[in-house]
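These notes concern the structure reproduced below.
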Amino acid sequence: MIRVQEQDFDINQEYQALLNNDSSSGAVVLFVGRVRDLNQGHQVSQLFLEHYSQMTEKYLAQLEQQAMELWPLENVSIIHRVGELKLEDKIVLVAVSSTHRESAFEAAQYLIDLLKANAPFWKKELVDGGKNRWVNANHKDKIAAAQWS
């Protein structure tokens with residue numbers, strides 16, 4: 001399941017939807033990314049995420065499909081928020097279920113690493129003194145994604 005949306009999401013509801021009465025999943029891994037107050041040495045007070053829906057959803061669907069081909073997963077959910085976000089708001093959820101924990105952990109790591117480095121989202125932060133700045137994927141994110149090549 002892939003969703004790009006402005007509204008918040010409920011982690012418990014997403015957990016239940018991921019399992020969907022599936023008794024074969026022995027492992028569930030959830031990653032939730034949030035808006036934090038400090039990024040790349042700047043004090044952040046707000047975040048604004050933009051995207052081009054056809055491009056973004058196509059990339060996320062491909063990413064989901066790749067993970068399903070690489071690991072024996074039962075289900076995958078990726079939710080990414082766009083629009084105006086405040087400190088501590090949830091930005092992204094990557095959730096996977098599998099029969100075993102190793103696959104669930106690896107697939108979740110793969111998904112968030114590639115999403116952070118390559119997904120077509122444009123991120124603008126409101127930082128120190130009310131200035132806006134556009135933020136690209138940082139070097140650490142690119143290195144994390146490169147390990148999966």
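Structural remarks
- Extended-chain gain in nm, criterion 0.36 nm per residue less alpha-carbon gap, R133 and L87: 15.0 nm
- Residues whose placed amide H lies under 5 Å from that of D89, excluding near-sequence neighbours: V35
- The candidate values are (i) 1.06; (ii) 1.00; (iii) 0.93; the one derived from this structure for Cα Rg over 2.2 N^0.38 Å carries the label (i).
- Looking at the stretch 1-105, the trypsin sites (Lys or Arg not before Pro) that sit in a DSSP loop and have at most 15 other Cβ atoms within 10 Å of their own Cβ are R36.
- Segment M68-E102, extension gain: residue separation times 0.36 nm, minus the distance between their alpha carbons: 10.8 nm
- By the helix-only formula, in which each DSSP H run with n ≥ 4 contributes -39500 (n - 2.57) and the sum is divided by residues, the chain has a 222 nm mean residue ellipticity of -11500 deg cm²/dmol.
- Label-point separation in nm, R36 to F48, each point 7 Å along Cα→Cβ: 2.4
- Each Cα pair under 8 Å and six or more residues apart adds its separation to the average, and for the stretch 2-146 the resulting relative contact order is 33 percent.
- For the stretch 2-146, lysine pairs with C-alpha atoms less than 24 angstrom apart, excluding pairs fewer than eight positions apart on the same chain, total 25.
Read-outs: derived from the displayed coordinates by stated rules, not from any lab. Just so you know, these numbers come straight off a predicted model, no measurement behind them. Heads up, the Cβs are rebuilt from the backbone with ideal geometry, glycines too, and the neighbour counts pull from every protein chain shown.
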